[in-house]
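The values are calculated or read from the model by the stated rules, or taken from the named source; none is laboratory data. The structure presented is a predicted model; accordingly, all values stated were derived computationally and were not measured. Note that each Cβ is placed from the backbone with ideal geometry, even for glycine, and that neighbours are counted across all protein chains shown. Please note that ligands, DNA and RNA were not included when accessible areas were found on the heavy atoms of the full protein model with its side chains. Shrake-Rupley method; radii C 1.70, N 1.55, O 1.52, S 1.80 Å.
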Amino acid sequence: MKVFTQGLSVALLLGLGFSAHAHAHAQKHVHGEGELLIAQEGNVLQMQFIIPAADALGFEHQAANSSDKNAINVLAQQLKNSSHAIDIKGQCILQSTENSLAHGHSEHDEHDHHNVEATYNFNCKTPVMGFSVTLFNLMPSLNALNVQWISNTGQGSTEVTRSNPVISWQS
């Protein structure tokens, strides 16, 4: 029951703690910039990337041809491997991952701007105090991520960039 409670707490942290900010970001939708939302409670670490489809795929429209469909399938497979998104140096074991491409669609707003979302759930030996974002290597036009984190010891925000991809926080 404890694992379920922790998982539920992390889900609530992500869902309630960041939903207003994520919605505000979806309204501004800036190509080259994405979001990274992080929740950590005990051994559970969850993170969600929200990236403009133009940066993730090279296009925002629905897949129109076999080339577009192939790009979606390739990225969906790459996002299943957390090392394409982050490097946590063996501190955690990936428990599950999900991305919006696996469902055959990406999230979009009323202005037809599409986002690709990828969520990673980890079980960690010790609390994580930071990691490096490797997603920049996979998405050449992605330049920055606006990062927000929350844990049972605090919360904060920062920006990571292609030239400075390291996130760290203190407990």
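Things worth noting here:
- Meets criteria (assigned to a loop (DSSP other than H, G, I, E, B) and either loosely packed, with under 15 Cβ neighbours inside 10 Å or modelled with pLDDT of 90 or more (or both)) for Thr126: yes
- Qualifying residue in the range 57-73 (condition: farther than 26 Å from Ser168 by Cβ, surrounded by fewer than 15 Cβ atoms within 10 Å (Cβ to Cβ), of a type in the set (Gly, Ala, Ser) and in contact (Cβ under 8 Å) with a residue 12 or more places away in the chain): yes
- Enumeration of residues in the range 75-103 that are part of a helix (DSSP H, G or I) and open to solvent by less than 70 Å² (accessible area, probe 1.4 Å): Leu75, Ala76, Gln78, Leu79, Ser82, Ser83, His84, Ser100, Leu101, Ala102
- Gly34, sole failed condition from (1) at pLDDT 95 or above; (2) touching a Phe, Trp or Tyr at 6+ places or on another chain (Cβ under 7 Å); (3) closer than 22 Å to Cys124 by Cα; (4) of a type outside the set (Asp, Glu): (3)
- As a summary of the residue check, Tyr120 satisfies the conditions (1) within 14 Å of Gln40 (Cα to Cα); (2) at pLDDT 95 or above; (3) part of a loop (DSSP other than H, G, I, E, B) except for the one numbered (3).
- Residues of the range 129-171 that turn out to be aliphatic (A, V, I, L, M) and part of a strand (DSSP E or B), as a count: 8
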